[in-house]
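All remarks here apply to the structure that follows.
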Amino acid sequence: TRLTLEGTARFVDAQESYAIAVGPGAWAGPVDPALSGETHANRLLSRLAADYQLTDQVRLFADRTTGFRPGGASLAASLSERVPGQSNFDPADPGAQFASFGPESDTSYEGGAAVRALDGRLTGRLTGYWMQIWGLQSGQTVLTPGYGPAFDTYVLNLPKVDAKGAELTASYRPLATPGLTLTALGGWEDARVADGVVPAAQVPTGPAQVAG
């Protein structure tokens, strides 16, 4: 059989409860009931793959895969965005809450060819891929001098990120030198934030550090 088709599916239902502490303590302040809650999301994930043995030396392959990560709350957030004078305080939104974040999902496509020649002494694989990510969970650190642990670590969602690239691997075992294997690996990637704005402010904290 030269052609092989494969398909898998998985249903994920994720629920998380959280309670966020506030105050200047090092993540040990009292819990704010207004900032306690839960996140709930579910997704049907799937993978479709095809594998075709074109010749005895060349194999073609392709697949489409979906992925998912649930949302939640940043465990290292101290809600300094509610404290006037801190670098992430916004007077226009004094009740801001940046500690919780939403789910992330993606769809990726991959295809390529694998080559085997010279009685298996030469092998190679060329792969190209394209991925779209919605709600990318990106970690952000904000310095908060004089408050709590002196910094907050948040997770924010970028609405959309696109990534594409290619990878080439090769391996060769010279017949004249038993035991010797030569390998090579090369790759190219182009990733960009297609939709997403991260408001930020920068404040000096020392000769070699910047907050924002």
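Filter the range 98-112 for residues that are open to solvent by 30 Å² or more (accessible area, probe 1.4 Å) and either hydroxyl-bearing (Ser, Thr, Tyr) or not in a loop (DSSP other than H, G, I, E, B) (or both) and give the result.
Scanning the range 98-112 gives 100, 101, 106, 109, 110.
Right, residue 94: open to solvent by 60 Å² or more (accessible area, probe 1.4 Å), touching a helix residue (DSSP H, G or I) at 6+ places or on another chain (Cβ under 7 Å) and not in a strand (DSSP E or B) or not?
Spelling it out, residue 94 is indeed open to solvent by 60 Å² or more (accessible area, probe 1.4 Å), touching a helix residue (DSSP H, G or I) at 6+ places or on another chain (Cβ under 7 Å) and not in a strand (DSSP E or B).
For the range 150-172, what are the residues that are touching a Leu at 6+ places or on another chain (Cβ under 7 Å) and either modelled with pLDDT under 95 or in a loop (DSSP other than H, G, I, E, B) (or both)?
Result: 150, 151, 157, 158, 161.
Could you say whether any residue in the range 114-129 is open to solvent by less than 40 Å² (accessible area, probe 1.4 Å), in a loop (DSSP other than H, G, I, E, B) and free of Cβ contacts under 8 Å to residues at least 60 places away in the same chain?
no
Exactly one of (1) open to solvent by less than 60 Å² (accessible area, probe 1.4 Å); (2) out of contact with any Asp or Glu (no Cβ under 9 Å at 6 or more places or on another chain); (3) at pLDDT 80 or above; (4) not acidic (Asp, Glu) is unmet by residue 206. Its number?
Status for residue 206: all satisfied but (3).
The values are calculated or read from the model by the stated rules, or taken from the named source; none is laboratory data. Please read all numbers here as calculations on a predicted model, not as lab measurements. Methodologically, a virtual Cβ is constructed for each residue, glycine included, from the backbone with ideal geometry; neighbour enumeration extends over all protein chains shown. When the accessible area is computed, the model is the full protein with side chains, heavy atoms only, and any ligands, DNA or RNA have been set aside. Shrake-Rupley method; radii C 1.70, N 1.55, O 1.52, S 1.80 Å.
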